[in-house]
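Written out below as structure tokens is the structure these notes cover.
The values are calculated or read from the model by the stated rules, or taken from the named source; none is laboratory data. Here the structure is a predicted model, which means the values were calculated and not measured. Cβ: placed from backbone, ideal geometry, glycine included. Neighbour counts: every protein chain shown. What goes into the accessible areas is simple: the full protein's heavy atoms, side chains included, and nothing from ligands, DNA or RNA. Shrake-Rupley method; radii C 1.70, N 1.55, O 1.52, S 1.80 Å.
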Amino acid sequence: MANLLDIRRRIRSVRNTRQITKAMQMVSAAKLRRAQERAMAARPYGKMLVNVLKSLVSRSELYDPVTGEARHPLLMRREEKTALVVVVSGEKGLAGAFNANILKAAARFIASKEGKNIDILCLGRKSRDYFRRRYPSGEPGEARKGKIQIIGEHVGLMNRAQFASAKEIAERVVGLYTDGKADSVYFVFNEFKSVIAQRLVVDDILPISKVGEEDIVMTEEATEEERKRRIEAAMHAGVGVRAADTSAIDQAAAGFGTAQVDYIYEDDPGKLFGNLLPRYISVQLFRGMLESEAAEHAARMTAMDSATSNASDMIDSLTLVMNRARQAKITKEIIEIVSGAAAAQ
Amino acid sequence: MAETIQLEIVTPERLVVKDTVEDVYIPGATGYLGILPGHAPLISELAVGEITYHVSGQEKKLAVAWGFAEVLPDKVTILAETAERADEIDVARAQAAKLRAEDELKKAGPEGNADAQAALQRATTRLDVAGQKTATH
């Protein structure tokens, strides 16, 4: 039988751990709420931009009327020799399988592009650490370090992602694409609509095939069990499970630039469209970063909820062992006294 | 025709302004535009500059860098990449940015440096907007 004192010490230690995981769970829940709000706040801008782009498509001669071919470089599909893959991961661990899943999906996608040159752009510390161990860093363009190489990393962006950084990255990506150093751009991130509606996606962001629509080339849905865990964790932390109602925002945004009137255009629609397209990319990147951030907090919340309940289970079973040990000790003492008394008679 | 306009200024990070205003002046790509209630529908790209509007006689200013405006007779919606009210502007940072841009421009010589030029413009606009705020106080 284990020493009573040792068991008591164990229980105390597990209890301390539980307190920490509980606190982390609450912090993640608060951060998740904030991240969701930020993702909501970013919606109108994105929606409106898409609307303007759509209305411009019909007004300007972006597509050749005869062949239907696109005239803007960002819309033209060319032979894929080099693919640029932008991977968004978290900055920190202790978020369950969040980072592992996204990196696995990215690795699988890269493997599916075998034979092509792959440039990787890492957003988030975890993706940098992962790819750095595997592939060399190099420069985009002719002088490659290998078939697969890392061309850039951005660490520390993912806590409170800023639009300015999304824009900076988007400008680089668009630059590489227009310079012909990348023939296509893929964006790997964890899509987050709500705690239950999330999945890993690989979005083909360049060339743009259709404005306002995602071009998902690969997805990975969460398993049923994972989803259940998430709902449980969200309920423990008091976070809403369903997606917030965005219909009001969407409706207001949908009106933008689509009124049934003839607008006076201050500038040439074609030129305007050209100026807007790169911003569309930055909006997409920004959205991905915000969603990934929300997903990271949700994953951490779930992981910490599991840890907390595991700690509780452990305390229960240790308490049981402790009580049993105490009882055994008392029984033993009684036997000793009784048999001692019997011997004295 | 209505006497006021609904003004909305939206950035990627949040909704900055949602107000009923008497007039709006926006920095169009080809020059400043003054908009009063009942303006003809118009779509325009915005340059770096100041947005000025009046709410019950009070003047308000914002610094914007690149944006996009839709004007309807009773509503003006502005999509701006950044839009800052006077009290949100970090004067020290804008000042530093201005000096840096001026430096770059000097180095670039006669052929110029478009990025630095744009940066300088952004910094000056910010300082202008911030300065007016402190002056009226």
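Considering every residue within the stretch A:78-101, establish whether at least one is in a helix (DSSP H, G or I), without any contact (Cβ under 8 Å) to a residue 24 or more places away in the chain and away from every other protein chain (no Cβ under 14 Å).
Pass one, the stretch A:78-101, residues in a helix (DSSP H, G or I): A:98-101.
When the remaining residues are screened for being without any contact (Cβ under 8 Å) to a residue 24 or more places away in the chain, the result is A:100.
When the remaining residues are screened for being away from every other protein chain (no Cβ under 14 Å), the result is A:100.
Yes, the stretch A:78-101 contains a residue that is in a helix (DSSP H, G or I), without any contact (Cβ under 8 Å) to a residue 24 or more places away in the chain and away from every other protein chain (no Cβ under 14 Å).
Provide a single number: the residues in the stretch B:80-99 that are part of a helix (DSSP H, G or I) and within 14 Å of chain A (Cβ to nearest Cβ). Spell out the reasoning first.
Step one: of the stretch B:80-99, the residues part of a helix (DSSP H, G or I) are B:86-88, B:91-99.
Of the ones still in play, those that are also within 14 Å of chain A (Cβ to nearest Cβ) are B:93, B:97.
The number of residues fulfilling the criteria is 2.
Here A:GLU171 meets each of (1) open to solvent by 60 Å² or more (accessible area, probe 1.4 Å); (2) touching a residue at least 40 places away in the same chain (Cβ under 8 Å); (3) in a loop (DSSP other than H, G, I, E, B) with one exception, condition (3). Condition check for B:ASP115 on (1) within 12 Å of another protein chain (Cβ to nearest Cβ); (2) among the charged types (D, E, K, R); (3) surrounded by 13 or more Cβ atoms within 10 Å (Cβ to Cβ): one failure, at (3). Filtered by the rule that a residue be surrounded by fewer than 22 Cβ atoms within 10 Å (Cβ to Cβ) and in contact with a His (Cβ under 9 Å, 6 or more places away or on another chain), the stretch A:274-307 gives A:GLY274, A:LEU277. For the stretch A:188-216, a tally of residues being part of a strand (DSSP E or B) and free of Cβ contacts under 8 Å to residues at least 40 places away in the same chain returns 4.
Conditions tested, residue by residue: (1) closer than 14 Å to A:TYR280 by Cβ; (2) within 14 Å of chain B (Cβ to nearest Cβ); (3) over 20 Å from the mean Cα position of the chain (by Cα).
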{"residue": "A:ALA166", "(1), (2), (3)": "yes, yes, no"}
{"residue": "A:ALA170", "(1), (2), (3)": "yes, yes, no"}
{"residue": "A:ALA182", "(1), (2), (3)": "no, no, yes"}
{"residue": "A:GLU191", "(1), (2), (3)": "no, no, no"}
{"residue": "A:VAL201", "(1), (2), (3)": "no, no, no"}
{"residue": "A:ILE216", "(1), (2), (3)": "no, no, no"}
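Can you tell me which residue among B:GLY57, B:GLY31, B:GLY38 is surrounded by fewer than 20 Cβ atoms within 10 Å (Cβ to Cβ), at positive phi and at the interface with another protein chain (Cβ under 10 Å from one of its Cβ atoms)?
Values: B:GLY57 fails: at the interface with another protein chain (Cβ under 10 Å from one of its Cβ atoms); B:GLY38 fails: at the interface with another protein chain (Cβ under 10 Å from one of its Cβ atoms).
Only one candidate passes the filter, namely B:GLY31.
Among the residues that make up the stretch A:82-91, is at least one of them open to solvent by 50 Å² or more (accessible area, probe 1.4 Å) and more than 22 Å from the chain's Cα centre (by Cα)? Full working, then the answer.
First pass over the stretch A:82-91, keeping only residues open to solvent by 50 Å² or more (accessible area, probe 1.4 Å): none.
No, because not a single residue in the stretch A:82-91 is open to solvent by 50 Å² or more (accessible area, probe 1.4 Å) and more than 22 Å from the chain's Cα centre (by Cα).
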